[in-house]
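Derivation of every value follows stated rules applied to the coordinates shown; laboratory data play no part. In this text the structure is predicted, and so the values were computed from the model without any measurement. Neighbour counts run over all protein chains shown; Cβ positions are idealised from the backbone, glycine included.
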Amino acid sequence: MSRTILFITPQLPYPPISGGTITSLKMIDFLSKNYKLILVCQLKSQDDIENEEIFLKEYGKRLWMYKSARLSFDTYKRSFSNLLKSYFHNVPLSVYRNFNSNIRKYVSYLLENERTDRVLVDHYVGFQYIEKFIEYMKKRHIKIILHEHNAEYVIWERYAKLETNLIKKLLIKIEAERIKNYERKICLLSDNVLCVTENDMNALLELGLSKDKFKVITPGGDYELLNKDDLRFESTEESLLFVGTLSWEANIEGIEWFIKNVWKELRREFINLRLYIVGKNPPERLTKYSQLDKNIIFTGFVDDLEAYYKRCRVFVSPIRFGSGIKIKNINAMHRGIPLVTTSVGIEGINGEDGKHFYIADDEKLFKEKISILLKNKDKWYEISRNARQLAREKYSWDIILTQLREVIEDD
């Protein structure tokens, strides 16, 4: 008998342009083919409303049921007033910002009227929609699965360490503690917790949780990239590629740090070097640098990265805080463009520094590793080949989705 799964996600998983939406859509695609899948999601922008129609044309017929609701812009925006309101409601700011009463009503109705076997909460901010129904779900033996895309509190703790403004630093530390308490609570209420890296699982276990309910399911990359011909050093130009969601603070802070501390030194050695930054709606905080240096190029959103993979010699991922796994880095490895990242950026990817990628946590080393790959053809080919082989062996969605099935089927 096919199980019925209620999948709750706080964002439309389409188009799959970020690590979170790529993972969510892969799971939805798999679950809708193998189970009766009820999907409930939030719409956060006008783009989501327009993309919802495209998403439903492709996936709607496979869904058992589908419900969505749009978040209020006033609630969703980051503001001091919303921070104060989140204190009043005693929930983390991101949880408060992502609340929609219609979604809770949908979930209540679905739990009472559909024979749901499993509830899969995608992202920790979605757990608020089932908190009131935990006792009811336990009585009906409905299994609760929490998918932690990140150990969220770790992101905020790392962010606080980098912040130099003392007032902002204090507020971030307070928020990190609030998130930590909330993550502890929802993990305790869940039957299974899916993490994307061992680091995330260990961080959550430090909160006094039982390891028995945890499972690491590391996302794969775009496996189709492995079917493409090997990249050629001779066909590249002296240019660097960064890809990321430019509304996410970890990406913004990382690329700003890179431009301020690494880029200028690189430009002294490589006069014609270019930096391509791919992602939609970059903030003025970043675009101001392209006005000062014409070789810093913001491309906007790019649907197919192939032209940039072929053109650029090095993929840079200067992420200094965050959690989870960076799918853009896995995709770079799948395609064979050598990667230079940080110890945070490489979390969840089990390879060797200097063999499959380069790791650098300070500006001097970051510049040095990029310089090697820009000049040394033999080393470039070595890392390119090794990275593709590692991606082929370890980062396949088939492996990951088999693990997901095991969690779904286990009673």
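Using the basic label-point model (7 angstrom from Cα toward the beta carbon), what is the E249 to K377 distance in nanometres?
Placing both labels 7 Å along Cα→Cβ, they lie 4.6 nm apart.
Determine one quarter of the surface area of the Cα convex hull of segment 223-394, which equals its mean projected area, and express it in nm² to one decimal.
8.8 nm²
Given the options T116, V344, N272, identify the residue whose Cα lies farthest towards the positive end of the charge dipole of the chain (+1 on Cβ of Lys, Arg; -1 on Cβ of Asp, Glu).
Of the options given, the answer is T116.
What ratio of Cα Rg to 2.2 N^0.38 Å holds for the chain?
That works out to 1.00 for the chain.
Say a paramagnetic label sat at a point 7 Å from the Cα of E177, along Cα to Cβ; which residues of segment 133-152 have their backbone N under 19 Å from it?
Residues 152 fall inside that zone.
To the nearest 0.05, what FRET efficiency results for D362 and T287 with a Förster distance of 25 Å applied to their C-beta separation?
0.45
Using the Kirkwood formula on the Cα atoms of segment 332-411, what hydrodynamic radius do you get, in angstrom to one decimal?
13.9 Å
With r defined as the distance between the Cβ atoms of E53 and F73 and R0 fixed at 25 Å, what FRET efficiency is calculated, to the nearest 0.05?
Details: r = 20 Å, r/R0 = 0.81.
It comes out at approximately 0.80.
Net charge within 11 Å of I186 by Cβ-Cβ distance, Lys/Arg positive one each and Asp/Glu negative one each, not counting I186 itself?
-2
How much length, in nm to one decimal, is gained on full extension between E352 and Q403, taken as 0.36 nm per residue of separation minus their Cα-Cα distance?
Answer, rounded to one decimal: 15.9 nm.
Who wins for biggest fluctuation among L84, L120, L189 in a Gaussian network model of the chain, springs between alpha carbons below 10 Å?
Of the options given, L84 has the highest mean-square fluctuation.
Using +1 on the beta carbon of Lys and Arg, -1 on that of Asp and Glu, and nothing else charged, what's the dipole of the chain about the Cα centre, debye to 20?
The dipole magnitude comes to about 580 debye.
Among D362, D229, D29, determine the one that fluctuates most according to a GNM of the chain built with springs between C-alpha atoms less than 10 Å apart.
Evaluated over the chain, the most mobile residue of the options is D229.
Okay, which of segment 1-36 sit inside 11 Å, backbone N to the point 7 Å along the Cα-Cβ direction of Y66?
Within reach of a label on Y66: 13-14.
Give me the percent relative contact order of the chain, please, defined on Cα pairs under 8 angstrom at least 6 residues apart.
Details: 700 pairs, mean separation 55.0, N = 411.
Once normalised by length, the contact order is 13 percent.
Here are some pairs, K328/K369; K264/K326; K143/K213; which of them have Cα atoms lying more than 23 Å apart in this structure?
Among K328/K369; K264/K326; K143/K213, the Cα-Cα distance tops 23 Å for K264/K326.
In whole Å, what are the Cα extents of segment 1-71 along the three principal axes, biggest one first?
Extents along the principal axes, in whole Å: 39, 22, 20.
Comparing I277, I325, I167, which has the greatest mean-square fluctuation in the GNM of the chain with Cα pairs linked when under 10 Å apart?
In the Gaussian network model the winner is I167.
So how do R268, R385, R311, R118 line up by other beta-carbon neighbours within 10 Å, fewest first?
Starting with the residue having the fewest Cβ neighbours, the order is R268, R385, R311, R118.
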